[in-house]
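Have a look at the structure below, then the notes.
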Amino acid sequence: MPTERPSERRSAARTAVVWEGLRPLLDRAPAQDVLDIGGGTGGFAVRVAELGHRVRVVDPSPDALAALDRRADESGVEVTGQQGDLSTLLEVVDPGSVDVVLCHGVLEVVDDPAAGLATIGEVLRPGGVLSLLVAQRHAAVVARALAGHFEQARTILDGSEPASRSGRRFTAPELEELLAAAGFSPATTHAVRVFADLVPGTLLDLEPGATAALLDLEKAVSERPDYFPLAAQLHVVASR
């Protein structure tokens, strides 16, 4: 769209790859119970509800939940919002009551990722599925180095980066180990934002067809393990 900003075009690269990985989970059965942990303003939750599923968002921010209500109303769908986070999830969600859990950008900031995944496993029904999106460590090393922040790059590489707003980062083997320990079986892994963060915004703004070509390229490399270390994020679909 001509009115889109470059930042919006970049975000489309993330959304397209994650949504393609998520959509088969939603199409496997009608009217599933879907839980979006940290779903905020409903960027994914409302789209899921539009497909006819029962969607609940658990998020710690009252402002985000208010924005979720407005977005759902504007789209003509119902999404339940509850205040909470992964550490208190079992206080607001019954064990074994959910078919699909979305946990996007949350595992990075919890105190104990292993405990968080175990909690998610408790709320899922047998055969339930987790859509997990996390920041990937190696891409952050490259990004810091290219920006001239060599000491930061080294601390991220060593896994010794101090706690910050961006939280921790994971590699594909680390995720596989964490999921297995929590009783999950990874089904697919996708590389997300391999190129989108590196492409100059002016190119997306000025070059006709650049955004569509970037999306095609992101999709083309998303399932190739050689590109996992280059991805800003990893999207893993795992079953319980």
Contact order relative to length of segment 38-124, as percent, for alpha carbon pairs under 8 angstrom and 6 or more apart: 29 percent
Sorted by mean Cβ packing within 10 Å, highest first, what order do the peptides 89-98, 222-231 take? 222-231, 89-98
Under the helix-only model (-39500 (n - 2.57) for each DSSP H run of 4 or more, divided by the residues of the chain), the mean residue ellipticity at 222 nm, to 500 deg cm²/dmol, is -12500 deg cm²/dmol
Using the Karplus curve 6.51 cos²θ - 1.76 cosθ + 1.60 with θ = phi - 60°, what ³J(HN,Hα) values do you get for each residue of segment 202-212, in whole Hz, with x for Gly and Pro? 5, 5, 5, 7, 10, 8, x, x, 5, 5, 5
Radius, Kirkwood style, for segment 1-141 when every pair of distinct Cα atoms is counted (Å): 15.7 Å
Accessible area expressed per residue, segment 111-240, with surrounding protein chains retained (probe 1.4 Å, Å²): 52 Å²
Consider just the alpha-carbon atoms of the chain and return their Rg together with their Dmax, both in angstrom. 17.9, 50
Give the carbon-plus-sulfur fraction of the accessible surface of the chain in %, rounded to a whole number; probe 1.4 Å, heavy atoms of protein chains only. 52 percent
Could you work out the mean projected area of the convex hull around the alpha carbons of segment 72-196, in square nanometres to one decimal? 9.7 nm²
Value of relative contact order over segment 96-140, rounded to a whole percent, pairs C-alpha under 8 Å and six or more apart: 59 percent
Considering all alpha-carbon pairs of segment 65-106, what whole percent are spaced by more than 17 angstrom? 44 percent
Relative packing of peptides 103-109, 147-153 - highest average C-beta neighbours within 10 Å first: 103-109, 147-153
12 Å beta-carbon shell around Leu35, net charge (K/R +1, D/E -1): -3
Separation between the Ala67 and Glu20 pseudo-spin-labels, each 7 Å from Cα along Cα→Cβ, expressed in nm? 2.7 nm
The long-range amide H neighbours of His104, using H built 1.01 Å from N in the peptide plane and a cut-off of under 5 Å, are Ile37, Leu133
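The values are calculated or read from the model by the stated rules, or taken from the named source; none is laboratory data. Quick caveat, the model's predicted, so the values are computed rather than measured. All Cβ positions, even for glycine, are placed from backbone atoms using ideal geometry, and neighbour counts span all protein chains on display. For the accessible areas, the whole protein counts, side chains as well, though only heavy atoms, and no ligand, DNA or RNA atoms are used. Shrake-Rupley method; radii C 1.70, N 1.55, O 1.52, S 1.80 Å.
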